[in-house]
């Protein structure tokens, strides 16, 4: 493995509830992702979830009757996921594994009906590591199975940075590195969020090189940039209708890259 990701494990160990609460603060990402999962996952079967965190998706997938193996780099995230599953009466439906996405030797099963890789790829800042993680996932997927992976958009994050950390623009070395390379300079201090920010044209070829057929590349926060509040305050029929519309336009090429989070869905050729 090329990059030491112990700082990323520590980032999540320091706040195991962080991802769970993040999706509560950004419900459009969660709700629109479920639209795609509902459309493309098989109605039943086995799922390998890599980057399961505290089980925000794991719990619902288990409730729906899927057989799950849930993997995460953070031991504390996995322990919290275990507690959440026990509280929900779902612990017997999920096998939990602490592992790096680049080395899934602890997952000896093959032939999963679907693999979810919704997090690890945007923490692997070296391209070779992203390719290894995808290869590990691909080899555990059956022919005809579905692979779902998540990315953070290099340009889609700009609205969030402008809104929440406007002083970032003064760090011009970092700004140029993110724009040109999709990551912070390697000599920058570690300890916070460290990730790789992708451009749309690279996503499908990265997966297709393994033998996946691309079904869709979509933005799961289409048209809202950093304006989560406007969606979050919607209720009832209006919220449902806006979700319908945003789902409808989420794969429109002219706006995909403006979303902060991106979703790739492909099928293993057989």
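The values are calculated or read from the model by the stated rules, or taken from the named source; none is laboratory data. Just so you know, these numbers come straight off a predicted model, no measurement behind them. For neighbour counting, all protein chains shown are included, and Cβ atoms are generated from backbone atoms with ideal geometry for every residue, glycine included.
Kindly list the number of the only condition in (1) crowded, with 23+ Cβ neighbours inside 10 Å; (2) part of a helix (DSSP H, G or I) that fails for residue 70.
Every condition holds for residue 70 apart from (2).
One residue is enough: does the range 214-225 have a residue meeting the conditions surrounded by 11 or more Cβ atoms within 10 Å (Cβ to Cβ), touching a residue at least 60 places away in the same chain (Cβ under 8 Å) and more than 22 Å from residue 39 (Cβ to Cβ)?
yes
Which residues, counting only those in the range 85-124, are in a helix (DSSP H, G or I), closer than 13 Å to residue 54 by Cα and either in contact with a strand residue (DSSP E or B) (Cβ under 8 Å, 6 or more places away or on another chain) or in contact (Cβ under 8 Å) with a residue 40 or more places away in the chain (or both)?
Correct list: 85 only.
I'm trying to understand the selection: among the residues of the range 138-169, which are farther than 14 Å from residue 269 by Cα and in a helix (DSSP H, G or I)?
Across the range 138-169, the qualifying residues are 158, 159, 160, 161, 162, 163, 164, 166, 167, 168, 169.
Being assigned to a helix (DSSP H, G or I), touching a strand residue (DSSP E or B) at 6+ places or on another chain (Cβ under 9 Å), at pLDDT 95 or above and more than 27 Å from residue 192 (Cβ to Cβ) narrows it down to one of 44, 39, so name that one.
Values: 44 fails: assigned to a helix (DSSP H, G or I).
Being assigned to a helix (DSSP H, G or I), touching a strand residue (DSSP E or B) at 6+ places or on another chain (Cβ under 9 Å), at pLDDT 95 or above and more than 27 Å from residue 192 (Cβ to Cβ) holds for just one of 44, 39, which is 39.
Matching residues to (1) over 20 Å from residue 11 (Cβ atoms); (2) buried (at least 22 other Cβ atoms within 10 Å of the Cβ):
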{"residue": "54", "(1), (2)": "no, yes"}
{"residue": "77", "(1), (2)": "no, yes"}
{"residue": "90", "(1), (2)": "yes, no"}
{"residue": "101", "(1), (2)": "no, yes"}
{"residue": "110", "(1), (2)": "yes, no"}
{"residue": "116", "(1), (2)": "yes, yes"}
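When residues of the range 254-266 are filtered for being more than 14 Å from the chain's Cα centre (by Cα) and either under 21 Å from residue 118 (Cα atoms) or in a helix (DSSP H, G or I) (or both), how many remain? Walk me through it before giving the result.
In the first step, residues of the range 254-266 are kept if they are more than 14 Å from the chain's Cα centre (by Cα); the result is 254-258, 266.
Filter once more, keeping what is either under 21 Å from residue 118 (Cα atoms) or in a helix (DSSP H, G or I) (or both): 255-258, 266.
Going through the range 254-266 one residue at a time, the tally reaches 5.
Go through the range 79-104 and count every residue that is closer than 28 Å to residue 135 by Cα and in contact with a helix residue (DSSP H, G or I) (Cβ under 9 Å, 6 or more places away or on another chain).
Result for the range 79-104: 13.
Filter the range 228-252 down to residues that are touching a residue at least 24 places away in the same chain (Cβ under 8 Å) and in contact with a helix residue (DSSP H, G or I) (Cβ under 9 Å, 6 or more places away or on another chain) and give me whichever is surrounded by the fewest Cβ atoms within 10 Å (Cβ to Cβ). Steps first, please.
From the range 228-252, those touching a residue at least 24 places away in the same chain (Cβ under 8 Å) are 228, 231-232, 243, 246-247, 249-252; that's our starting set.
Adding the requirement that they be in contact with a helix residue (DSSP H, G or I) (Cβ under 9 Å, 6 or more places away or on another chain) leaves 228, 231-232, 243, 246-247, 250.
Values: 228: 18, 231: 20, 232: 15, 243: 18, 246: 21, 247: 19, 250: 25.
That would be 232.
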